[in-house]
Amino acid sequence: MKFAFLADPLAGFKIYKDSTYAMMREAARRGHEIYAFEQGDMALENGVVSAHIARIHLSEDPLAWYRAEPRQNRRLSDFDAVIQRKDPPFDMEYIYGTYLLELAQAQGAHVFNRPEAIRNHNEKLTIAQFSQFTAPTMVSCDEARLRAFHLEHRDIILKPLDGMGGAGIFRIKEDGLNLGSVIETLTANGARTIMAQRFIPDIAQGDKRILLINGKVVPFALARIPQAGEVRGNLAAGGTGVAQPLTARDREIAETLAPILIARGLMLVGLDVIGNYLTEVNVTSPTCFQEITQQTGFQVAALFIDGLEAAPR
C-alpha cells in the first residue's frame, strides 16, 4: 500500500518519541510505501486536489533517519491512505487544509482522521457531548460569568479553546489572585471564548492520555505527571510520562466514546483524563505511541497500521 503522511517538516521530528515516526516505521516494516508532504504543498487546480509529495525511505541512522526522493505532484486519491498528522495551532490555515482534504475525499482519497470530523470536534469543547464524565465546566467570554464560576468552585483552571501542549493554562485558587488579569488576557477583553473547569486535584497523579485506535481502546494510558510547581502534566510543559494500565473508570470512559468516535470518522483519538474526569478529546495529531510501547511492550503503532490496512476502500 501507499501511505501519504501530511505532517510538519520531517527535519524537526524527534524520532525517539514522535508518534508519526512510529507509524512510518511500522508501515515501512510491513513493506508499505511511505510518502510525506506538508499542508502548504497542497493545491486545488482545475477541480482536483493534489500535492507536491516525496517518497520517503527510512534508515537506521538517527541523525539521518530518512531520505526523500524528489517531490512529484500527485493526486491525493492516488494513495491508499492519507494520514493527517499536522500539529495545531488549529487556526484558519488548518481549517482551509481540512476543506482541501474533504474535497480530495470526494475525489476518492481515503483520509484519516476524516477532515470534517477533525473540524467538527474541537479538542476542548467536545467533552460537552459527554458531560456524564466531566468536572463542572463553563465555556464563555463573559467576565461576569467566569467570575461567578470561580466564586462557586473556588479553585479553577482557565484555558483557551485552541491551545496545545499546555499553552495558556492558568490555575486560579480560592484567593482569586490575578483572576481579572487572566480573564482579560485569555478572552482578549471579552472578544475570545475560553473554558473554565473546576480544578481536579488528581492532576498530581498525572494527566492520563488514553488512545482509541479504530474503535479499540489501548489498554495502557500514559500518565503525564507535572513537574514540581506546575499544574500542567503535558510532556511539552515538562511533565514526566508514566505508562500504566487503565483503571475501571478510564475503561468506562474510553469504551463509551470509542464506538461513537470511530463512527464519526475518527480513527485515532487521544482522550485526556484526570482522576475520574474527561478533560479533552484530541483528534488532530494525538501522541504518546512510543512512550507507551517503550514502557509496556504494547505495540501501539502496529494497532494503528492494522486499522489503516483494514479500512474500507
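Within segment 116-151, the residues that satisfy the criterion of being out of contact with any strand residue (DSSP E or B) (no Cβ under 9 Å at 6 or more places or on another chain) and under 22 Å from Asn189 (Cα atoms) are Asp142, Glu143, Ala144, Arg147, Leu151. Looking at Lys173, Lys208, just one residue is basic (Lys, Arg), farther than 30 Å from Glu309 by Cβ and open to solvent by 10 Å² or more (accessible area, probe 1.4 Å), and that residue is Lys173. Of all residues in segment 151-187, count the ones that are among the hydrophobic types (A, V, I, L, M, F, W, C) and either in contact (Cβ under 8 Å) with a residue 60 or more places away in the chain or not in a helix (DSSP H, G or I) (or both). Selection size over segment 151-187: 10.
When segment 176-205 is limited to residues that are of a type in the set (Val, Ile, Thr) and open to solvent by 30 Å² or more (accessible area, probe 1.4 Å), the one that is nearest to Thr240 (Cα to Cα) turns out to be Thr185.
Checked against (1) hydrophobic (A, V, I, L, M, F, W, C); (2) part of a helix (DSSP H, G or I); (3) in contact with a strand residue (DSSP E or B) (Cβ under 6 Å, 6 or more places away or on another chain), Ile305 meets all criteria but (3). When segment 53-89 is filtered for residues that are within 15 Å of Gly40 (Cα to Cα) and either basic (Lys, Arg) or touching a Ser or Thr at 6+ places or on another chain (Cβ under 9 Å) (or both), the ones remaining, listed by number, are Arg71, Asn73, Arg74, Arg75, Leu76, Gln84, Arg85, Lys86, Asp87, Pro88. Being under 14 Å from Ala243 (Cβ atoms) and not aliphatic (A, V, I, L, M) is the filter; apply it to segment 211-224 and report the residue that is surrounded by the fewest Cβ atoms within 10 Å (Cβ to Cβ). Looking at residues that are under 14 Å from Ala243 (Cβ atoms) and not aliphatic (A, V, I, L, M), I get Pro219. If I ask for residues that are under 17 Å from Pro9 (Cα atoms) and in contact (Cβ under 8 Å) with a residue 40 or more places away in the chain, which ones from segment 52-79 would you list? Ile53, Ile56, Pro62, Trp65, Tyr66, Ala68 - these are the residues of segment 52-79 that are under 17 Å from Pro9 (Cα atoms) and in contact (Cβ under 8 Å) with a residue 40 or more places away in the chain. Which residues, counting only those in segment 1-48, are in contact (Cβ under 8 Å) with a residue 40 or more places away in the chain, in a helix (DSSP H, G or I) and either open to solvent by 40 Å² or more (accessible area, probe 1.4 Å) or of a type in the set (Ser, Thr, Tyr) (or both)? Passing the criteria: Ser19, Thr20, Tyr21, Arg25. Per the listing Glu252, Glu230, the residue uniquely at pLDDT below 95 and either closer than 30 Å to His150 by Cβ or buried (at least 17 other Cβ atoms within 10 Å of the Cβ) (or both) is Glu230.
How many of the residues making up segment 90-105 are over 18 Å from Gly47 (Cα atoms) and either among the polar types (S, T, N, Q) or open to solvent by 50 Å² or more (accessible area, probe 1.4 Å) (or both)? Residues meeting the conditions: 4. Filtered by the rule that a residue be without any contact (Cβ under 8 Å) to a residue 24 or more places away in the chain and not charged (D, E, K, R), segment 203-231 gives Ala204, Ala223, Ile225, Pro226, Gln227, Ala228, Gly229.
Do you know which of the residues in segment 132-150 that are aliphatic (A, V, I, L, M) and part of a helix (DSSP H, G or I) is least open to solvent (accessible area, probe 1.4 Å)? Filtering first and then ranking leaves Leu146. Return yes when Pro312 is free of Cβ contacts under 8 Å to residues at least 24 places away in the same chain, out of contact with any Phe, Trp or Tyr (no Cβ under 6 Å at 6 or more places or on another chain) and assigned to a loop (DSSP other than H, G, I, E, B) and no when it is not. Judged against the criteria, Pro312 is a match. Considering only residues in segment 106-127 that are part of a helix (DSSP H, G or I) and open to solvent by 30 Å² or more (accessible area, probe 1.4 Å), the one that is farthest from Gly307 (Cα to Cα) turns out to be Leu125. Among the residues of segment 187-213, those that are out of contact with any helix residue (DSSP H, G or I) (no Cβ under 9 Å at 6 or more places or on another chain) and on the phi < 0 side of the Ramachandran plot comprise Ala191, Ile200, Pro201, Asp202, Ile203, Ala204, Gln205, Asp207. Here the condition is being more than 26 Å from the chain's Cα centre (by Cα) and either surrounded by fewer than 18 Cβ atoms within 10 Å (Cβ to Cβ) or of a type outside the set (Gly, Ala, Ser) (or both); of Ser77, Ser59, it holds for Ser59 alone.
The values are calculated or read from the model by the stated rules, or taken from the named source; none is laboratory data. Not measured: the values here are computed from a predicted model. Quick reminder, even Gly has a Cβ in these numbers, built from the backbone with ideal geometry, and neighbours come from all protein chains shown. Just so you know, the surface numbers come from the protein's heavy atoms only, side chains and all, with ligands and any DNA or RNA stripped out. Shrake-Rupley method; radii C 1.70, N 1.55, O 1.52, S 1.80 Å.
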